[in-house]
Structures are given as structure tokens and as C-alpha cells.
Amino acid sequence: MSATLGIFLKELNPNCSIEVYERLSAVALESSNAWNNAGTGHSALCELNYTPEKEDGSIDISKAIKIIESFEVSKQFWAYLCEQHYIANPRNFIHSIPHMSLVWGDENIAYLKKRFEALKACHLFESMEYTEDNKLLKQWIPLVMAKRDTKQKLAATHIKIGTDVNFGALTEILFKHVDEDCPNVNVHLQHEVRDLTKQADGTWLVKVKDENSGERKTVKAKFVFIGAGGGALHLLVKSDIREAKGFAGFPVSGQWLICKNKKVIQKHNAKVYGKAAIGAPPMSVPHLDTRVIDGDKALLFGPFAGFSTKFLKEGSFLDLPLSIAPHNIISLLGVGLHNVALTKYLIEQVSMSMEERMNALREFVPDAKNEDWVLADAGQRVQVIKRDTDEGGVLEFGTEIVASQDGSVAALLGASPGASTAVSIMLDVLSKCFPKEMKSTAWQTKLKQMIPSYGQHLMDDKNLATTTRAWSHQLLGLTD
């Protein structure tokens, strides 16, 4: 998110000065890191939680449309960066991987078929296929079908335009560009922002500590963006802006089963998403996930949810207790009262044995062998809790931009779909924080150069959707 915003600001205002502060020894070691992030180019092609079934039995695809439009915007922005040679080789971060949804059981099969029919009617999803034919499934997912009970009824959707994105690698590429190629931009590693205070003239004093030398310094800024993943909430509260009141965070950790048998890894080439358990957060939708990490093909299953009081993987166990304050206690209590199912789900997940996790994997890979898989920690996420007049507080599963009224500070909270929609989210930040500049002819012209569909809805224009997708896929080296 921060890297994306930095490039936007330098492209729109080349004379601006930017200072970036990263607490760890390198960028993208937390939420964006390949082993911590889901890696799916989230575009609602396979994620069933983005297409809920309504009470009347119909499928609501509105969120799916919003997400796929956002991901298409991200691809256009990345294609522009390739065109400008800011990204030398897109294969360092993005690859074509089919996206699939897989279900079993009559009720789930009926749902998936209705979902397919609803999405297929939209040109953004028109290349999606549906099948209940085991022979075709064996072609698509041989590892999943091997040694499976032939009497089990399955249904799946399959679409070739899915992607795997290494957001850690992309973040490194973007920051390398702004740090080395852009004047007046400095990236400071192992520097922790400790506090920020607004001055009478509307500027901010940002207090920073150099973790290597112990030196403390204060930086003056006209605009501050807090893109610190799970750590953003603490800094947002320190800003003391009115808009931050009532916000709290609920940390959810995760774990992957990672395949270490190269022969098994080579048998699978898809992102296969199932249905989430009742009460599960969206990030915990089970999936068998082909990844490309640092040039090597990998296979992961999960994630399994867990609980930690840390807000960051490299954070403190005091993060959650220290975040509780008078302004958000009602929000926290309200969420606790209305999310019993989530609490029950997390308790069950935390108490799972290795064999129980392997049995969950065997629903996707019947022939999975214990010796081929190892359990590893995934990333840490902080779900947004916000004040609600009816329930006291509500748990939000999306991403939330919190900005001051004058636009001088903005923070990003939340998780899924996260990095996949970073470009659209940062455009929202620009609109909230630079409204005058965003209306200027210079910025409008530049934005349309960077994002050909800017200001238009791809859902409303099939020709625009087709041409911009073809353009971005060509530049990104993606094949349909």
C-alpha cells in the first residue's frame, strides 16, 4: 500500500519529498511477504465468500464485481510501470495460475452452480467454466482427484485468467524504484515511528527512532500515511484525530501446511478454494494454493486460523491489551457479544492437532502423506472493529481508510482483499487527502495515462474491459 501511494505521489507531483520509515531490516517482511500473504490476485474468480447467497436463494455478486474491477485497475497500474521500465521483469512477481472453486455436497453444489450462472452473465467473468464431470476435473486438478472416492459428487468452476502475485517481491520492486530512481525520496530501514503530533499550522511532527544507533529525531511533514499493517492502529490512535475514535483491532494469526515433496508440487497447478467453515473469517477460507516464490513453485494448504495478542508477526504480545482504551471499549464489548461463532471457530482452530490439519488437507488431497507436509506460521492480520450505534461495535472483514477531515493524515486498517486492491484503495486515499489536486487537469490526465480505465466502470463497458485487460496482460506477460 505505502509503495503504491509513494509511486502515485511521485508520478503526480515529481517535486514532492517523501521519507519512508520501516521498522524491520527490509521492506515487505510482514503482511506483504510471500509466506505471510495469501498470494492470490484476489479478483473474486474463486473466493466464495465474495458471493453470498441471499435469503431468497439468489446470489449477490455486487462485491465480486467491485473486487474484480479493483484488481483489473491494479493490473493496469502495474502494466504502466512495466511500460515505463520501472518494473524490468513482471515474472518476478506475477504469474498466470487458474483459479478454481471446489465444493461437494448437494447444497454446496447447488450454490456453486447458481454462483456460476450469476457470474457468467457478467462479461468480466465470461470465460469461467463449470463442471460436475470427474473426467474433466482429473484434467484440471489431478492431485485433488487422485485416490478420491469415485462416488463422491463434486462441482467446480475454473477460469484461466487467474493470477498468483508475490506481493512481497512487488513491494521490494516498487520501493527500489522510488528509493533509487526518484529524487527526494529516502527509505529508512530499522527506523520505528514512535509518535506523531499535529502542529498549529496543520503540519505533523513525526518522532522516529533509529533502532541501530538509538538516535531519535523529529521529522516535519505536511501529509502522513500510516501503512504499517497491523501496527497502523497504534499510530492512528497516537494521531489523536477525531475520526480514529471507536476503532479497535482483533488480531487473527494463521498457519500453512507447506508441501516439501517436489514431485507432489508438480502435480498441481491451480488455486483451489473451498467453502469457509461457519464463523470463519474470510482470510481462513481453505485453499490448495500453487505459488511461485523466489522463482520456485510451491504448494500450500490452509490457512488455519489462530489467535495471538500480537498485531504484527514481529510485534509484541502487549499489542492487544495496550490497544484497549476508553474510546473503543464499547466497540470491543459489542463485537465480543455478537461474534460467538468466530470465538468458537478460533478455539477449535487453535486446538487442532497436526493429524487433524492433515485430515482437513485430505478433503482436498485424499492421498496426502504426513511426511510430505510441514506446518509453518503465516502472517498476522488485524480485523477492524468500529463503533456501531445498534450493536456497540462491529467486526469488519474488509479494508478501511481512516483519514482526518483536513486530509493531512490517513491510515489503512484491515485485511482481505488487501494488497490485490491496493491501487484502488490508494486512489481513494488521494481523493480523501488531495481533493483539490485530484480535480486538476494535470492530475486527471496523468491518472488516465497510468490507468486507462480511470474514472470509468469496467462493468459498464465490455469493450473497455476487454481492451484494457488485453493491454495489461500483454505487458505483464500473462496468458489467458
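The values are calculated or read from the model by the stated rules, or taken from the named source; none is laboratory data. Remember, it's a predicted structure, so these values are computed and weren't measured experimentally. Cβ: placed from backbone, ideal geometry, glycine included. Neighbour counts: every protein chain shown.
Considering each residue of the stretch 90-98 in turn, none proves to be modelled with pLDDT of 95 or more, among the aliphatic types (A, V, I, L, M) and part of a helix (DSSP H, G or I).
Can you find even one residue in the stretch 470-478 that is under 21 Å from the mean Cα position of the chain (by Cα), outside any helix (DSSP H, G or I) and touching a residue at least 12 places away in the same chain (Cβ under 8 Å)? Yes - at least one qualifying residue is present in the stretch 470-478.
Here the condition is being of a type outside the set (D, E, K, R), buried (at least 19 other Cβ atoms within 10 Å of the Cβ), at pLDDT 85 or above and touching a Gly at 6+ places or on another chain (Cβ under 8 Å); of Leu312, Leu346, it holds for Leu312 alone.
For the stretch 465-480, residues that are out of contact with any strand residue (DSSP E or B) (no Cβ under 6 Å at 6 or more places or on another chain) and exposed (fewer than 15 other Cβ atoms within 10 Å of the Cβ) total 6.
Table: residues versus (1) among the hydrophobic types (A, V, I, L, M, F, W, C); (2) touching a helix residue (DSSP H, G or I) at 6+ places or on another chain (Cβ under 8 Å); (3) over 19 Å from Leu312 (Cβ atoms).
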{"position": "Lys176", "(1), (2), (3)": "no, no, yes"}
{"position": "His191", "(1), (2), (3)": "no, no, no"}
{"position": "Asp195", "(1), (2), (3)": "no, yes, no"}
{"position": "Ala200", "(1), (2), (3)": "yes, no, yes"}
{"position": "Glu211", "(1), (2), (3)": "no, no, no"}
{"position": "Ala221", "(1), (2), (3)": "yes, no, yes"}
{"position": "Phe225", "(1), (2), (3)": "yes, yes, no"}
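Only residues that are in a loop (DSSP other than H, G, I, E, B) and closer than 27 Å to Ala228 by Cα were counted across the stretch 341-396, and they come to 0.
Hey, Glu172 hits all of (1) in a helix (DSSP H, G or I); (2) of a type in the set (D, E, K, R); (3) at pLDDT 95 or above; (4) farther than 25 Å from Leu478 by Cβ but one; which does it fall short on? All conditions pass for Glu172, except number (4).
Of the residues making up the stretch 124-139, those that are surrounded by fewer than 21 Cβ atoms within 10 Å (Cβ to Cβ), touching a residue at least 24 places away in the same chain (Cβ under 8 Å) and touching an Asp or Glu at 6+ places or on another chain (Cβ under 9 Å) are Ser127, Tyr130.
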